[in-house]
Every structure is written in C-alpha cells, then in structure tokens.
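Enquirer: Handing you a structure now.
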Amino acid sequence: MTTDTEPTTVPATEPTTDQPRLSVAMVTLGCARNEVDSEELAGRLEAGGFALVEDPSQADTVVVNTCGFVEAAKKDSVDTLLQAADLKAGGDQGGRVQAVVAVGCLAERYGKDLADSLPEADAVLGFDDYPDIAARLRSIVAGETHHPHTPSDRRLLLPISPVERDASTISVPGMTGGSAIGADGLGGPRPVRRRLDGGPMAPLKLASGCDRRCSFCAIPSFRGSFVSRRPSDVLQEARWLGEQGVKELFLVSENSTSYGKDLGDLRLLETLLPELAAVDGVERVRVSYLQPAETRPGLVAAIAGTTGVAAYFDLSFQHASATVLRRMRRFGDPESFLGLLEQIRAQAPEAGVRSNVIVGFPGETEEDLATLCDFLVAARMDVTGVFGYSDEDGTEAASYDAKLDDDEVRARTEHVSALVEELNAQRAEERVGELVVVLVESVDGDEVVGRAAHQGPEVDGATYLSGGDHRVGQLVHAEVVDTDGVDLVAVPTSRQS
C-alpha cells in the first residue's frame, strides 16, 4: 500500500489536458522482491502523471502485484483481484475504481490463461509491459483492450553463459536505473523507485532470476536467468534509500550467493558489503537467500565479520536427506550442512540462522523424514519454515512417481511443524541474557516492537522492548530477558544509538 510521505525518485510528469491525472493504488503480495518491483512500478506511474493513493477504494485504478510461487499464494492473488473487482462494481463503498490490473509473477507466469480465467480483471500485464506501465494503464482506463502475452520460458531470453548476458535488452523488474533529472535538479542515473512503505527497513535488489534447476521450483521459468545488478547501481539506490531515512537494507534476490558471476567476479558480494554498510544513514545491512552449496568461506567471513552487516544467514536447505536432495536437483547432506553451521558459529556465535524445508517430496521415505528431523534438532536454527510438497505446473517433480497422498503429506508437515515450533522456541530461550541491538519498527503507546540482528523482516519473529522512550528507526541496545515462542522480550541497556 502507498503512503503520502515519501518523495518520488523521478519527477512526476505533468499530465496534458487530454491526460487527466488519474489515481492508482498498488497492492503488493508475496515476497520482498515483489515489494521492490511494486516500488519501481509506483515510481514509473508517478513519473507518468499518476497520483498514488493508499486506499484502493479511492483509486481510479488498482494494480495488484501478484505472487505465483505456490498454490496458496496464487489463491491469495486471485482473491485480492476479485476483491478489487468488487470495488469497481460498487461493493464495499467502492464505485470509483475504473480498472483492475494484474501484474507480477502470477500474471507473467500465466498471461493469457489468467486473463481468460479471470475476466473480472481488466488486464493482465507481463514484465515486458513494465517500462510503459503508465501508458498501459491509461489505455486500459480509456477502454482499450490489452492483449495479454502467451507465457514462455524467460530463461531463453538471455545466453546460457552468464558472462555473455546483456540484461539491458529485456525487462527485468526491480532492477532498472533511471536517467531523468531528479527532484534536486541534478542529472545522471537515478533509481526509478517510489517508496510505498515509510518504515526504517527497505528491500534492495542484488539480482533477479535463477540458473538453478531445482525440480520443485518454477520460478526460473517466469523470472528468467540469473542477472546481477552492477555494484554502482546497487550503491546508488542504497544511498538514495539512506537519504529517505532507511536504517536497514535488506538485500534480496533469488540466489544471493551467485551475485557477480555474470559480471566476472563471484566474490563481488564480499567487496560490496562493506561499501553498503558505509552508506550514510544506513545502520544495518542484511543478506537474504543463500544457497548452502554455494556459500563459500569468504562470504561467511564477510557476513559474520563486517561491521554494520547483520550476522544473519538465510540458508535454503530444503531438506537434509541426500537422497531427497538429489531428487530435488540440489546438493548436500546433514554432515555438510552442519559443517557450514559450525563454520558460521565459530566466527559469529550469536548469528541468526533461518531456513525452509519441504516435507513429503515424492519418494520421501520414513527414513528420509527421520534424517530431516534429526538434522533440525542438531542445527539449532532460529526459524524454519515448513512447506508440504505440492505439484507446481511445469516442474520436473510434477512428473515424478512415488508421490505421497495428500493426507500423508499433511501429517508429515504437521509433525515437522510441531517439532520446529518447539526447537525454535528453545533457540529463542537460549538468547535470554544476550545483548542485542534492536531496530525499532513500531511504537504504539507503551508497546515498542523491533527486530534484533538475527531477526529478518516479517518472517523471523520480533523483539518487544520494555521501558524507555523510543522512536521508529532508532537502534536500541538491550538485554533479552524473556521469550514468547520465537519472539524476544528485551530491556534497554545504558548504551543507546
């Protein structure tokens, strides 16, 4: 949703008399990568003469940035589009809305098929429509018919060899630089981005796409091949975010451990992190989504030992059984994974570790499940997301045999989820007495809520501060005194930022 407090990064184009100033509400679903994409679209729309509003019922157009990752996310996206269409029809105090438009992963993944199955949406726009989003919306509001794309494999748009890729020839959401004159009157490249959330944390894209071929995942087919942003573009946007009051940069991509491989330097992230941490106004840098098999010692050292970088490791284990991992087209086993965790904790004993696992994958035996559970007990992670396997369109795993029935997948998922809930609570209890630095994200009377360095945005729990007069964006030094599940309760110490 939008706020009215953040300036645009490129100047809004004054509409001509035949282009009335339409309003638009951005509704964002899914991950932090989608949040960046929405803010790029918002920047383009505002530069194209649209007024951004927060309340969809008060907008001329509603743009829903959909998620197409798993079945539940797809359903949520469709339900949100239907709710917006209801506003257009006049329900729930609506009636002003003239057009409802789907963008994002679900729209890119299904294109024409989604448009045919969801006539309530006035248009389904793919990634190639993003550069001209303002013109697209104006034509849709004017009643022109938009012909949605036929889905295709976006991995085929760029060369197989990473170093031969030129992403300037295609639309890569959330990674576009600008060339307009900025609001300060200065020329030169600027981020095409408009903040929609005035909070002290902001996601920042390192890269887009993925070259891995995990058998359960369809993301590479609609997000495309892996493409890194140039360090200068990342730093430029980081500086702009720092100027907007952002205190924590959350570096996002489909695979951050691959950053730089298409630029000829696989160790580029290690050199970029200190530069990001030195950006004026930025107090903390956090890296997300690391592939365990690609997490090299130098990267561990950079994350664990760079001042201003959170000792936080978002490791995509997915399972622990070597047999299941091979069927997933992934690498690893309990010994290598635990060895990586030992390496991390040797350098940063209080490091935060989170992961996701898939339960009930085709061919998973009781022994495989036991291997996973034993690993989770030994790993002592702060947070683990548990997902029950389900077929995804166009994936290799959808064609596998030896599938478990839905009831068995559900039972195994509930079993692992209960185990993880207990283990994560125990890990939180181990942090009692620990000194943490909490980024304050909300203050409501006496309730002050933030996140410590080991807690990523939205998915890793929160830290509740008791005592003291705090403000949003402040970094508070505190001691953990209690827990509630994965959440911590902390008391400020004498040292403050």
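The values are calculated or read from the model by the stated rules, or taken from the named source; none is laboratory data. For clarity, every value in this text was computed on a predicted model and none was experimentally measured. Here Cβ is always computed from backbone atoms with ideal geometry, including for glycine, and neighbour counts include all displayed protein chains. For the accessible areas, the whole protein counts, side chains as well, though only heavy atoms, and no ligand, DNA or RNA atoms are used. Shrake-Rupley method; radii C 1.70, N 1.55, O 1.52, S 1.80 Å.
Enquirer: I'd like the Karplus ³J(HN,Hα) series for the stretch 245-251: coefficients 6.51, -1.76, 1.60, θ = phi - 60°, whole numbers in Hz, and an x wherever there's a Gly or Pro.
Expert: Result, rounded to whole Hz: x, 6, 9, 10, 9, 10, 6.
Enquirer: Skipping prolines and chain starts, which residues have an amide H placed within reach, meaning under 5 Å, of the one on Ala462, given they are 5 or more residues away or on another chain?
Expert: Amide H neighbours of Ala462, under 5 Å, 5+ apart: Asp487, Leu488.
Enquirer: Could you run the Karplus curve 6.51 cos²θ - 1.76 cosθ + 1.60 with θ = phi - 60° over the stretch 430-441 and give me ³J(HN,Hα) per residue in whole Hz, x for Gly and Pro?
Expert: 5, 8, 4, x, 6, 8, 10, 10, 10, 8, 6, 10
Enquirer: Bin width 10 Å, origin at 0, all Cα-Cα pairs of the stretch 328-476: what percent of pairs per bin?
Expert: All Cα pairs considered, the percentages come to 10, 32, 29, 19, 10, 1.
Enquirer: In bins 5 Å wide, starting from 0, what share of all Cα pairs of the stretch 248-330 does each bin hold, as a percent?
Expert: All Cα pairs considered, the percentages come to 3, 14, 24, 23, 16, 10, 6, 3, 1, 0.
Enquirer: Go through the chain and flag any cysteine with no other cysteine's C-beta closer than 4.7 Å, please.
Expert: Cys31, Cys67, Cys105, Cys210, Cys373
Enquirer: Give the carbon-plus-sulfur fraction of the accessible surface of the stretch 233-362 in %, rounded to a whole number; probe 1.4 Å, heavy atoms of protein chains only.
Expert: 49
Enquirer: Still on this model: Positive end of the charge dipole of the chain (Lys, Arg +1 and Asp, Glu -1 on Cβ, about the Cα centre): tell me which of Pro362, Tyr130, Val437 has its Cα farthest that way.
Expert: Ranked along the dipole, the leading option is Tyr130.
Enquirer: Could I ask something else about it? Read phi for every residue in the stretch 290-303 and hand back ³J(HN,Hα) as whole Hz from Karplus 6.51 cos²θ - 1.76 cosθ + 1.60, θ = phi - 60°, with x for Gly and Pro.
Expert: 3J(HN,Hα) across the stretch 290-303, in whole Hz: 9, 7, x, 5, 10, 7, 7, x, x, 6, 4, 5, 5, 6.
Enquirer: Check which residues have an amide H placed less than 5 Å from Ala123's amide H, if you skip close sequence neighbours.
Expert: Here Val100, Ala102 satisfy the definition.
Enquirer: For every helix of n ≥ 4 consecutive DSSP H residues, a contribution of -39,500 (n - 2.57) applies; sum these over the chain, divide by its total residues, and give [θ] at 222 nm rounded to the nearest 500 deg cm²/dmol.
Expert: -9500 deg cm²/dmol
Enquirer: In percent, what relative contact order does the stretch 344-450 have, based on Cα pairs under 8 Å that are 6 or more apart in sequence?
Expert: Across the stretch 344-450, relative contact order equals 29 percent.
Enquirer: Same structure again: Excluding residues fewer than 8 places away in the same chain, name every one of the lysines whose C-alpha is closer than 18 Å to that of Lys261.
Expert: Once the sequence-local lysines are set aside, what remains near Lys261 is Lys205.
Enquirer: Pull up all non-local amide H partners of Thr483: gap of 5 or more, or a different chain, and H-to-H distance under 5 Å with H placed in the peptide plane.
Expert: Answer set, sorted by chain and number: Val489.
Enquirer: Cross-link partners among lysines for Lys74, C-alpha distance below 17 Å, same-chain residues fewer than 8 apart left out?
Expert: By straight Cα distance, Lys74 reaches Lys112.
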